[in-house]
Every structure is written in C-alpha cells, then in structure tokens.
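To start, the structure under review is shown below, and the notes come after it.
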Amino acid sequence: MRYLTLQRALGVALLAAGSLHAQAAGNAATQLRSRDCNLEFKGVTVNGVVTTHIQSSKTSAGSSNDFAGGGVDGACTNSDQRVKADSAEHFGDQRLVYLIGRVHYTEARVQLDADRLTYYMAEERLVAEGHVVGRTSTGTRFAGPRATYLRAKPGLRAGSRLDAGGRPDTWISAADAAKDTKSADSVHVVADSVISMNDSLVYARGTVIIDRPDLVSTADSAMMDQGRELVELRISPKVVGRGEQKFTLEGAQIDIQSRNRLAERVRSFGSAKATNDDMRLESETIDLRMAEQKLSRAVAWGPSGARALQSGRDITADSIDVIMPGQVLQSMHAVRRARVESLPDSTKVKSKVRDWFSGDTIVAVFDSLAVGDTSGQAALKRLTSTGDAKSWQQGSRSGVPLPDTVPAINYMAGRVIIVDFAKDRSLDKLRVLDQVTGILIQPASDTTKAKPVPPKKPGMFHEQREGR
C-alpha cells in the first residue's frame, strides 16, 4: 500500500497517486516515531478502484501543504485516534488539518460525526461543525450544530473537555452508554451550551432543562457531577417530581443528591417553596427526602421561620418537619414558636378573624383515608400543642340563628392542649392538661349595632374633665 507521510507533529499521511519507495517510507516512519502522533491517511477503494487523489507542495519552511479528495481513511499509528472524511487539507507550517464531508473521528474518550472538522494540532483542539453527533466514553451523547473537543495531553492540559453549543440535545447515562437515547436510565439535557469535563463533570448554561426518570428540573445554569451523583441548579431553579403524585420545589438554588440514578435528597436554599397536593411549604431552606421516586419527608427552617399551608390552615414555626411515607401525609412537627391559624366553620360562625393554637411545639396527625374527605388532601385528625400551649376559638352561641355574626370566644391555656377533629374537619373535642386557665366570653347581643348613649348630666366632675 502506498502512503504519503507528512513532516510535522501530528502530521497527515495521504495516499498518493504515485508509488513511494520502501526506503523513503521507512525513513519517514523513523522521523515520526518521536512525534506526538503518527497520523497516516490511506486511500478509499470503491469497486476495487482507489478513488483518493492528492496534490502536495513544499513550503519555504520545509514542510508541506497537502490536499486530498475522493475519500480518506486515517489513523495515528502510535495512538487510538482514527478519522474518515470525503476530503482533507493539511497546512504544515500552521500544523492545521481540515476534514470536509461525512467526517467521523474516534478515540478512546470520544467520537464525533460532523459535516466539517478542523484539527488544530499544536493546541490539540478539534472543532466540529454541521450536524454534529458525539459520544463520550462514559455514555454522554449529544447532537447539535457545533462542538469543540480539547484533548488531554501531558504538559498542555490534564483532562479532556468537550463543549457543545447551539442548544444541543444531550443524554447523560453513566450506567450504560450502549443503550439508545430513550433508555430509562438516561438523563436528557437541553441547554444553550453543554460542557463535559473529563467525562465526569457536565455544565449546562442558558434555559436548562434536565429531564430524568424521577424529576424534571429547570434553571439558567446547572452542574452535574457524575461520580458523586450530584446536580446543582442555579438562577431561577425549579424541580418537578414525576408520577401521579407530583410535587414542585423552587428557590434561589437547588441541589439534587442521587443514588443509583434516583434522587434521594433535594434541597432548596433561599426563598424556598415546596408544593404538593396536601400542602405548600415555605422557608429559607427546604430539604426534601425521597424513596422510590416519592417524597418521604420534608424539613423547612431558616432565620425567618417556616410556614405550611394545609387545607385552609396556616402553620408557622421556627422549623417544620413533615413526615409523608410514600408521599402520603402522616404527621407534621412545628418546633419553637409554633402557631396554627384557621378560619372558623363558616356554617356556624361568620367571622374574618382566625382561630388559633400556639405552643413551643405543635404536632399534627393526619388521616388521608378519612370518610367524607373529598378535597383530595389528607384530613387533620389531631393537634397536640405542648409547652405554654394556648387556644383561641370562636363558636356559636346557643339560641342564635346560624351562622352567628357575634361568636362566643373560648380562650384556654395550659402545659398541653390536645384537639381532636371530626371526620367533617370540624373541631370535635379540646382537652387542656396541667396549669389550666381559661375564659369563655358569651356576648348577650349583637354589639355591632351600637345604641345611642344618653348625655351625662352636668356636674363638677364632668365639668373638670371637659376642662382638661
């Protein structure tokens, strides 16, 4: 077989139309053994006919410029690099190679298919353009209009880097690179640009969408650490859980920690908000725990406290811990300066003032299977307030048509207050334990209708007050 061996580092060898003498080929091979890569191109044969043709000219610096068409097939004799293309251009002084038409580049770390590829040899930089499709050795795959690949090289850069621009479609699957892009364990990333560092770290920027089997995430920028199974979302991040029982999490930044490709912990920092069918949770920090792709626990805390809105109730405290195995609301712990507010039963009392419970700690227990529950939310069974517990409740007065516009007020305080709720969500029973105090106010009439007050008779005391 006949070869034309180039005279520069990472040089190109093209199949020449004329034969090369065996001695010249041997001398060229000896010279190239000390270079970074001995890249030789051989001709392409179609129906037994070699279609490759070449033109070559010497430069004033002693190197050569070479132009080949009709198809080339090349490989580095001392590395794993291999390339195919319709045509190639090599400029020796610039150490630059252009590959044009149906380019296919492969090595152990990456493979690239493109319409055109420019190889800057001195920089170990490859720029692929036009219908670019790439794959890294760890299974990351992408398709887009443009990509730049920086090869690892001692003394130049420690690791490789792959930049894909023009809003590429990217699939990240560290578990199995051989599966197609729709495989269940693939993570689909769409962003304005995607950067893969050393086949391990992936950075995405510009309207990022990360679609995975358990979650769908959006943000303006994202970092994915394949080895640690960590995702960091920044600038307007949002995470939505998949499945029938969906949830959303928002905040200034969100981190997702996974194991075996499934999320175990999702944390939001800065004005965090978490919402599902049962409640809305707000705080500076919200930490969601997941098991089998469902929420199992949510913890909220921060300098401004935490707040949970559930079935018309407003629960506040320094921190709130929600237990929900299988994403079914089971209990809620509000710790320090805990308070529960809710409007009274509108069928019995007409008031815009909220009822409330307070205490050092409030524990709410729920029954998601309560009979008569048509709201789709878990029904509250019991509230237990401990530590300086207080209760302020409005109720209807006896003998007054419902709803009562001037309700009775029942205020209770003690060490512990236990409140049980009926299946229709109304208050059923209230118990106060230890250090009990309280007061019941029963207005005799509608005090909102003010009666005229007769003027007082003039007198010394009256006159003195008026004169002050």
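FYI, it's all coordinate maths here, none of it is from the lab. Values in this document were obtained by computation on a predicted structure and should not be read as measured data. Note: ideal-geometry Cβ built from the backbone for every residue, glycine included; neighbour counts use all protein chains shown.
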Exercise. Kindly provide log₁₀ I(q)/I(0) values, in the same order as q = 0.16, 0.22, 0.24 Å⁻¹, from the Debye equation applied to equal alpha-carbon scatterers of the stretch 234-325.
Key: -0.58, -1.09, -1.28
Quiz prompt | By average C-beta atoms within 10 angstrom, highest first, the peptides 43-50, 140-147 | solution = 140-147, 43-50
Quiz prompt | In order through the stretch 251-263: 3J(HN,Hα) via Karplus (6.51 cos²θ - 1.76 cosθ + 1.60), integer Hz, x for Gly, Pro | solution = x, 6, 8, 9, 10, 10, 10, 10, 9, 6, 6, 10, 5
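Quick one: which of Lys381/Lys429; Lys246/Lys352; Lys348/Lys423; Lys390/Lys423 span more than 22 angstrom between C-alpha atoms?
Those over the limit are Lys246/Lys352; Lys390/Lys423.
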Quiz item: Each residue of the stretch 79-86 in order: what ³J(HN,Hα) in whole Hz does its phi give by Karplus 6.51 cos²θ - 1.76 cosθ + 1.60, θ = phi - 60°, with x for Gly and Pro?
Solution: 8, 8, 6, 8, 8, 10, 6, 6
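Note down, for the stretch 83-158, the three equivalent ellipsoid semi-axes (square root of 5 times each alpha carbon gyration tensor eigenvalue), biggest first, whole angstrom. Please list the in-between numbers first.
Details: eigenvalues 71, 62, 17 Å².
Each semi-axis is √(5λ); the values are 19, 18, 9 Å.
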Self-check item: Nitroxide proxy distance, nm - points 7 Å out along Cα→Cβ at Val328 and Arg242
Solution: 2.3
Practice problem: Would you please give the residues with an amide H less than 5 Å from that of Glu264, counting only those at least 5 places away or on a separate chain, with H modeled from the backbone geometry? | Solution: Gln257, Ser258, Arg259
Practice problem: Compare the peptides 189-199, 153-163, 270-280 by average per-residue count of other Cβ atoms within 10 angstrom and give them in order, highest first. | Solution: 189-199, 270-280, 153-163
Quiz item: What list of ³J(HN,Hα) couplings, whole Hz, do you get for the stretch 65-73 from phi and the Karplus terms 6.51, -1.76, 1.60, once you set θ to phi - 60° and write x for glycine and proline?
Solution: 10, 10, 9, 10, x, x, x, 9, 9
Quiz prompt | Under 5 Å, built H, 5+ apart or other chain: amide partners of Val187 | solution = Ile172, Ser173
